[in-house]
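A short write-up of the structure that comes next.
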Amino acid sequence: MTWIDISQPMNERIATWPEDTPFSYRRAVTKEESGSVNIGDITMSVHTGTHIDAPFHFDDEGKRVLDLDVNVYIGRAEVVDCRGYTSIGPEAFEGIDLSGIGRVLVKTDASTDPADFPVEAPYLTPELAPFLEERDIRLIGVDVPSVDPMESETLEAHHALFAHGVHILENAVLADIEPGTYELCALPLALEEADGSPVRAVLKQVGKE
């Protein structure tokens, strides 16, 4: 099986947090002007589309993107069906074997339109963080803009997850992904001082070529 793209397409229709910089691409230099190439510029928030958070996002003393271990973002991942849940805690994982997995992607019934920025969305409870740590989960991904409630200013799930060694991937596109075990690659850019980074996230079903 080939790799499956689970990234939101980057274009000027993509929704952003209300106070963030909207995404924009423009040709700063055209082939006609240069005689050889087109050259583009982009402006955007690092939390646009499918992205990872670094602890510096919510902690002035936290690690930046370049400080994070890239191995966290590559490897075995379990897609877990959490549709129907408003808040997602340990009970959503009853009966799911996470041994030897390392990464979890949470599929919800949130909107699948990247241009639709939700007022409300399913969120993770802080109690999920120690549950994941006990099972050696190093990364959790969600298909919504935040692991916390959309209106949260305290970001309790963000703090709890990183306190328990669990990294964060947000806005993955999982609507057409069946629950099960996959290989994940969702590498952040090598941004030295950044609090987050866009990623090109892809999955491949385990055991298939």
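Scanning segment 97-108 for residues that are farther than 17 Å from residue 49 by Cα and surrounded by 14 or more Cβ atoms within 10 Å (Cβ to Cβ) returns 98, 101, 102, 103, 104. What tally of residues in segment 118-140 results from selecting those that are under 18 Å from residue 49 (Cα atoms), out of contact with any strand residue (DSSP E or B) (no Cβ under 8 Å at 6 or more places or on another chain) and surrounded by 16 or more Cβ atoms within 10 Å (Cβ to Cβ)? Here the count works out to 1.
Assess whether residue 69 counts as being touching a strand residue (DSSP E or B) at 6+ places or on another chain (Cβ under 9 Å) and without any contact (Cβ under 8 Å) to a residue 24 or more places away in the chain. For residue 69, the condition - touching a strand residue (DSSP E or B) at 6+ places or on another chain (Cβ under 9 Å) and without any contact (Cβ under 8 Å) to a residue 24 or more places away in the chain - is met. Going through (1) free of Cβ contacts under 8 Å to residues at least 12 places away in the same chain; (2) within 14 Å of residue 8 (Cβ to Cβ) one by one, residue 172 falls short only on (1). Looking only at segment 18-25, decide whether some residue is in contact with a helix residue (DSSP H, G or I) (Cβ under 9 Å, 6 or more places away or on another chain) and not aliphatic (A, V, I, L, M). Looking through segment 18-25, none of the residues is in contact with a helix residue (DSSP H, G or I) (Cβ under 9 Å, 6 or more places away or on another chain) and not aliphatic (A, V, I, L, M). Of all residue pairs spaced 6 or more apart or on separate chains, those with beta-carbon atoms under 8 Å, a first member in segment 1-21 that is without any contact (Cβ under 8 Å) to a residue 40 or more places away in the chain and under 22 Å from residue 119 (Cβ atoms) and a second member that is of a type in the set (A, V, I, L, M) and buried (at least 16 other Cβ atoms within 10 Å of the Cβ) are 21/44.
For segment 163-182, how many residues are crowded, with 18+ Cβ neighbours inside 10 Å and not β-branched (Val, Ile, Thr)? Total meeting the criteria: 7. Which residues, taken from segment 14-55, are among the charged types (D, E, K, R), at pLDDT 95 or above and within 30 Å of residue 156 (Cα to Cα)? Result: 20, 53. Does segment 178-194 include one or more residues that are polar (S, T, N, Q) and either in a loop (DSSP other than H, G, I, E, B) or free of Cβ contacts under 8 Å to residues at least 12 places away in the same chain (or both)? No, there is no match, as no residue in segment 178-194 is polar (S, T, N, Q) and either in a loop (DSSP other than H, G, I, E, B) or free of Cβ contacts under 8 Å to residues at least 12 places away in the same chain (or both).
Results for (1) within 20 Å of residue 203 (Cβ to Cβ); (2) more than 15 Å from the chain's Cα centre (by Cα), shown as yes or no for each residue.
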{"residue": "70", "(1), (2)": "yes, no"}
{"residue": "77", "(1), (2)": "yes, no"}
{"residue": "99", "(1), (2)": "yes, yes"}
{"residue": "115", "(1), (2)": "no, yes"}
{"residue": "118", "(1), (2)": "no, yes"}
{"residue": "121", "(1), (2)": "no, no"}
{"residue": "132", "(1), (2)": "yes, yes"}
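Every condition in (1) more than 19 Å from residue 64 (Cα to Cα); (2) free of Cβ contacts under 8 Å to residues at least 40 places away in the same chain; (3) of a type outside the set (Lys, Arg); (4) assigned to a helix (DSSP H, G or I) is met by residue 161 except one, and the failing one is (1).
The values are calculated or read from the model by the stated rules, or taken from the named source; none is laboratory data. Only a predicted model underlies this, so the values are computations on that prediction, with no experimental measurement involved. With ideal geometry, Cβ positions are generated from the backbone for all residues, glycine too; neighbour counts draw on all protein chains shown.
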